[in-house]
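Working notes for the structure below.
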Amino acid sequence: MESSEITIYGFPFAAGSQYSYNDFIKNAPEGIRWKSLDYAGRGKRIFEPLMTNIHDIVADFLEKLVPNLHQPYAFYGHSMGSLVAYLLTVEIQKRDLPMPQHLFLSGRGGACIPERFRNAEHMTQQEIIGEILEMDGKIETLLQTPKLLNAYEKVLRADLLALEKYDYTLGAESPLMIEATVLIGSQDIYTPEQAWMWQKEFGTPIDFYVMNGGHFFLFDHHQAILNIIEKNIKCDVIT
């Protein structure tokens, strides 16, 4: 990696994979290397067992990323991914490791907002479909391909179980002293007021954007989001 480059590690939403960020990878501006990551059990890690505890997911990423933290980096996470990015940053701070230059958190209310208990272990397939529709997810292809729907259901159920294990008390003992940008959809499943609650976790003012659209607004606004990332990364370098 060029010394002037910064790596953005992208953490996907529930049931997502590194391929969820293809538009970000293809259109990343000069000086930004976008590296999307997979949770176990999907994407390039499809043969690994699924994890059903978000704190285990964080520990898994911490072990994998520690050797690379000496290079400039930032985190971007959407929905479940924003929670993973935040918790991972907390663990990095606790261990006095090199901190990310910036956190980009999108599609979720603040860390203090608990996850909804869905009883994911016992959800029917129809309830899983309803969950996707509630988040404005595209499901037409899944419904036309039962084998694909069954595979997706297995991964989403594991991620919902993982989110149910989220424990806010395991978060930061003190505010994170890094820059953060929060993005939320105007018709998201979280309100802008809930998203603003991320400010509680940081010792400096967050940058805040409301994007037009629902929970998956990132697909319609990938270029605008990349522009926001580029602007903030440049500001961080200057300051």
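The values are calculated or read from the model by the stated rules, or taken from the named source; none is laboratory data. These numbers come from a predicted model, not from an experiment. Neighbour counts are summed over all protein chains in view; Cβ atoms, including those assigned to glycine, are modelled from backbone coordinates with ideal geometry.
Numerical summary
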{"read-out": "Residue match in region 205-212 (condition: within 14 Å of Y86 (Cβ to Cβ) and under 15 Å from the mean Cα position of the chain (by Cα))", "value": "no"}
{"read-out": "Among the candidates V237, V182, V155, residue that is modelled with pLDDT of 90 or more and either surrounded by fewer than 16 Cβ atoms within 10 Å (Cβ to Cβ) or not in a strand (DSSP E or B) (or both)", "value": "V155"}
{"read-out": "Within region 96-109, tally of residues that are over 14 Å from Y209 (Cα atoms) and either in a loop (DSSP other than H, G, I, E, B) or modelled with pLDDT under 95 (or both)", "value": "6"}
{"read-out": "Members of region 31-46 found to be on the phi < 0 side of the Ramachandran plot, in contact with a helix residue (DSSP H, G or I) (Cβ under 9 Å, 6 or more places away or on another chain) and not basic (K, R), listed by number", "value": "I32, W34, S36, L37, D38, Y39, A40"}
{"read-out": "Residue ID - farthest from D56 (Cα to Cα), chosen from residues in region 185-221 that are assigned to a loop (DSSP other than H, G, I, E, B) and hydrophobic (A, V, I, L, M, F, W, C)", "value": "I206"}
{"read-out": "Yes/no for D188 being of a type in the set (D, E) and touching a residue at least 60 places away in the same chain (Cβ under 8 Å)", "value": "yes"}
{"read-out": "Any chance F13 is modelled with pLDDT of 95 or more and either assigned to a helix (DSSP H, G or I) or more than 18 Å from the chain's Cα centre (by Cα) (or both)", "value": "no"}
{"read-out": "Single residue of G41, G77 found to be at pLDDT 95 or above and assigned to a strand (DSSP E or B)", "value": "G77"}
{"read-out": "Region 72-101, residues that are of a type outside the set (A, V, I, L, M) and either within 22 Å of N22 (Cβ to Cβ) or under 8 Å from the mean Cα position of the chain (by Cα) (or both)", "value": "Y73, F75, Y76, G77, H78, S79, G81, S82"}
{"read-out": "Residue match in region 72-87 (condition: without any contact (Cβ under 8 Å) to a residue 60 or more places away in the chain, on the phi < 0 side of the Ramachandran plot and either surrounded by 15 or more Cβ atoms within 10 Å (Cβ to Cβ) or out of contact with any Cys (no Cβ under 8 Å at 6 or more places or on another chain) (or both))", "value": "no"}
{"read-out": "Residues of region 185-229 classified as small (G, A, S) and surrounded by fewer than 16 Cβ atoms within 10 Å (Cβ to Cβ), total", "value": "3"}
{"read-out": "Verdict on E173 being charged (D, E, K, R) and within 23 Å of V90 (Cα to Cα)", "value": "yes"}
{"read-out": "Selected residue (criterion: surrounded by the fewest Cβ atoms within 10 Å (Cβ to Cβ)) from residues of region 110-143 that are aliphatic (A, V, I, L, M) and assigned to a loop (DSSP other than H, G, I, E, B)", "value": "I139"}
